[in-house]
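Quick notes on the structure that follows.
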Amino acid sequence: MEGQETKNFIEQIIDKDIAEGRTVRVVTRFPPEPNGYLHIGHAKSILLNYGLAKEYGGRFNLRFDDTNPMKEKAEFVHSIEADVRWLGADFGNREFFASDYFDQMYEAAVKLIRKGKAFVCDLSADEIREYRGTLTEPGRNSPWRDRSIDENLQLFTEMRDGKYPDGSKVLRAKIDMASPNINMRDPIIYRIARMTHHNTGDKWCIYPMYDFAHPIEDAIEGVTHSICTLEFEDHRPLYEWVVTELEYPHPPKQIEFAKLYLTNVVTGKRYIKKLVENGIVDGWDDPRLVTIASLRRRGFTPESIKMFMELSGVSKSQSSSDYAMLEYCIREDLKMKKNRMMAVLDPVKLVIDNYPEGQTEMLPVPNNQENPELGERMVPFGRELWIERSDFMAEPAHKYFRLYPGNEVRLMSAYFVRCTGYEADDDGTVRVVHCTYDPETKSGSGFTARKVKGTIHWVAAATAKQVTVRLYENLVNEELGVYNEDGEVTLNPNSLTTLTDCYVEPALADAKPYESFQFLRAGYFCVDAKDSRPGEPVFNRIVGMKSSYRPDAKK
């Protein structure tokens with residue numbers, strides 16, 4: 001069919017299933033376990049599953065695989081719901097929980113027992129491991145494998161009713177202890193665990209194992225294509241065994257794809273949890289992390305993440321994507337959408353000695369020079385300004401075109417100014433730069449009598465808003481790798497720089513959480529949603545202006 005060559009391998013499988021009549025309406029799902037916050041890798045799964053359902057006019061479900069109450073919290077449920085919605089994956093009213101099906105899973109286990117396909121085993125966890133065998137040696141049958149169906153039914157009922165202590169018995173599928181796939185060697189499908197569940201409370205003291213529960217959930221919901229990452233490839237025979245033995249009329253098909261790996265970032269939940277507990281980051285949404293909540297707080301957009309996923313592609317082969325590619329995507333998304341504002345992060349005072357004292361004039365400034373449709377705003381200008389410290393040098397370097405004694409530059413959207421001198425402390429730190437301005441050179445006046453090579457931005461001191469700005473580097477020390485020999489994260493001591501003496505134009509004082517802007521020459525910034533207060537915005541740098549990623553380079 002036309003365009004087939006551009007489709008990924010999953011789309012090709014779905015096309016074939018539809019053509020052969022196996023699939024009428026595509027149903028996909030995203031099935032997280034609510035035991036932590038989602039990260040950038042989960043975004044790929046969300047967008048892939050939702051994108052396929054949308055492409056084929058099907059349905060997309062959000063389902064929480066909450067079969068392990070020891071690690072699960074309602075907090076994580078709510079954070080996952082927010083992340084999926086933020087990414088634009090519309091699950092409508094199709095939010096489900098594995099725990100919604102616990103009764104059906106129990107009945108499914110009973111059905112397997114009645115078919116002679118499951119048995120209650122009294123081996124300890126260590127003994128089960130010992131009996132399981134190795135990759136090169138087959139396993140051995142449990143001494144309890146040949147219990148009668150009636151005995152197994154009675155024991156399983158007593159397990160459910162709380163007669164036995166935790167860990168004393170398990171229910172195992174009866175498959176093949178000599179299978180070359182260790183997952184098929186009579187896997188555990190139920191265990192005793194007295195834990196309060198966030199959804200079912202204390203109703204159950206036995207809980208299904210993930211590999212048993214997951215295919216049942218998919219089958220109950222009518223999922224047609226159960227799309228998961230490659231580590232589940234070896235689990236597929238068990239998935240298929242479960243749906244076949246339970247005789248579901250339209251069994252779902254499991255398809256595996258390669259995970260998204262991002263270089264030099266921390267995604268493991270136990271590592272992030274430790275960083276949070278040790279106060280190294282300020283929560284699961286710290287902007288230095290790559291949880292979806294962190295990316296949202298830092299200022300990334302759903303559109304930028306979608307673009308990143310498209311560039312990363314869908315395949316069966318493992319590969320890594322560079323963080324620089326993610327940064328490229330957010331720049332591409334924001335550059336035409338956002339106002340380009342003036343902000344001075346490392347300020348030094350500039351005094352225009354021949355400008356009238358006490359005078360303020362409002363100057364028109366384009367909101368985005370590349371996108372005239374965004375219009376312009378009026379910005380106050382006066383005798384005293386803040387400029388970047390790097391825009392003045394007492395002794396200029398070679399090819400330095402900004403301010404130095406005797407040199408003339410343009411103040412962006414304002415006037416030409418010529419440096420006449422400066423004031424410095426005893427240690428040489430410049431405190432004030434002095435200059436004069438030429439009224440005839442006002443921007444928009446059509447002045448062409450002379451040109452200057454340098455243009456610098458500024459903020460009028462009298463009306464400037466002092467704000468806090470955070471500059472981020474990678475949380476990880478990239479030269480040492482993500483983890484050290486002890487398995488601890490190698491931390492970059494410069495991952496966060498907080499600047500409190502920054503000045504921005506007054507329009508930014510009322511910026512709201514999650515609003516983002518380009519600060520001219522400094523990068524793209526977003527108002528922090530956690531630490532900002534009305535009239536007191538804190539700005540997180542999303543990304544700098546320069547990119548090391550080239551979209552035409554091979555991934």
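General remarks:
- At full extension, S315 and E55 could sit 91.8 nm farther apart than now, given 0.36 nm per residue minus the alpha carbon distance.
- Debye intensity ratio in log₁₀ form over the Cα atoms of the stretch 506-555, taken at each q of 0.22, 0.24, 0.28 Å⁻¹: -0.75, -0.84, -1.02
- Largest accessible area first, the residues K453, K338 order themselves as K453, K338 under a 1.4 Å probe with ligands, DNA and RNA left out.
- Net dipole in debye of the stretch 418-504 [+1 Lys, Arg Cβ; -1 Asp, Glu Cβ; about Cα centre; nearest 20]: 1060 debye
- Among the chymotrypsin sites (Phe, Trp or Tyr not before Pro) in the stretch 147-208, none is located in a DSSP loop while being surrounded by at most 13 other Cβ atoms within 10 Å of its own Cβ.
- Cα centroids of the stretch 439-464 and the stretch 84-104: 57 Å apart.
- Taken about its Cα centre, the stretch 281-360 carries a charge dipole of roughly 300 debye when the Cβ of each Lys and Arg holds +1 and the Cβ of each Asp and Glu holds -1.
- Within the shell of other residues whose beta carbon sits under 10 angstrom from the beta carbon of F91, the net charge comes to +2, with Lys and Arg scored +1 and Asp and Glu -1.
- Options I352, F102, L262, ranked by Cα towards positive dipole end of the chain, top entry (Cβ charges): I352
- The equivalent ellipsoid that matches the C-alpha gyration tensor of the stretch 101-148 spans semi-axes of 25, 13, 11 angstrom, in descending order.
- Bridgeable lysines around K71 (alpha carbons under 19 Å apart, same-chain partners fewer than 8 residues away excluded): K203, K269, K273, K274.
- Interchain or long-range residues, amide H under 5 Å from V27's placed H: R59, T224, H225
- For the stretch 157-263, pairs of C-alpha atoms spaced more than 24 angstrom apart make up 37 percent of the total.
- Spatial offset of the stretch 118-145 relative to the stretch 297-367 amounts to 58 Å, using the alpha carbon center of each.
- Using a probe of 1.4 angstrom and keeping all protein chains present, the accessible surface of the chain works out to 46 square angstrom per residue.
- Shape index of the stretch 369-476: Rg/Rh, with Rg the Cα radius of gyration and Rh the Kirkwood radius from the inverse mean 1/r over Cα pairs, equals 1.01.
- Per-residue Karplus couplings for the stretch 409-423, computed as 6.51 cos²θ - 1.76 cosθ + 1.60 with θ equal to phi - 60°, are listed in order as 9, 9, 7, 3, 6, 10, 10, 6, 10, 10, 6, 10, x, 7, 10 Hz, Gly and Pro entered as x.
- The heavy atoms of D166 present about 80 square angstrom of accessible area, all protein chains included, probe 1.4 Å.
- Charge context of I292, other residues only, Cβ under 12 angstrom, K/R +1, D/E -1: +2
- 19 Å Cα-Cα threshold exceeded, pairs from K44/K73; K335/K546; K399/K453; K259/K546; K44/K306; K337/K453: K44/K73; K259/K546; K337/K453
- Counting charges near T490 (Lys, Arg +1; Asp, Glu -1) among other residues having Cβ under 14 Å from its Cβ returns a value of -4.
- Dipole-positive endmost among G299, H235, T6 within the chain (Cβ charges, Cα centre): T6
- Principal axis dimensions, largest first and in whole angstrom, of the stretch 330-414 by Cα: 39, 36, 20
- Counting protein heavy atoms only, the stretch 133-235 has 52 percent of its accessible area on carbon and sulfur, 1.4 angstrom probe.
- Descending principal axes extents, the stretch 217-298, alpha-carbon based, whole Å: 50, 23, 21
- The stretch 406-548 - Rg (one decimal) and Dmax (whole number), Cα, Å: 20.0, 67
- Beyond 29 Å, the tail of the calculated P(r) for the chain holds 64 percent of the Cα pairs.
- Relative to the current alpha-carbon distance between K115 and D103, full extension at 0.36 nm per residue lengthens the span by 2.5 nm.
- The alpha-carbon atoms of the stretch 262-367 define a convex hull whose volume equals 169 cubic angstrom per residue.
- Peptides 413-425, 128-140 ranked from most to least packed, by the mean per-residue count of other Cβ atoms within 10 Å: 413-425, 128-140.
- Most positive-pole-ward Cα, A82, G57, G41, against dipole of the stretch 1-147 from beta carbon charges: G57
- Charges were assigned to the Cβ only: +1 to each Lys and Arg, -1 to each Asp and Glu. The resulting dipole of the chain about its Cα centre is roughly 720 debye.
- Size of the stretch 72-112 as Cα extents on the principal axes (Å, biggest first): 41, 22, 13
- Estimated from helical segments only, the mean residue ellipticity of the chain at 222 nm is -7500 deg cm²/dmol, where each DSSP H run of four or more residues counts as -39500 (n - 2.57).
The values are calculated or read from the model by the stated rules, or taken from the named source; none is laboratory data. Bear in mind that the values here come from a model prediction, so they are computed numbers and not experimental data. Methodologically, a virtual Cβ is constructed for each residue, glycine included, from the backbone with ideal geometry; neighbour enumeration extends over all protein chains shown. Calculation scope for accessible area: heavy atoms of the full protein, side chains included, ligands and nucleic acids excluded. Shrake-Rupley method; radii C 1.70, N 1.55, O 1.52, S 1.80 Å.
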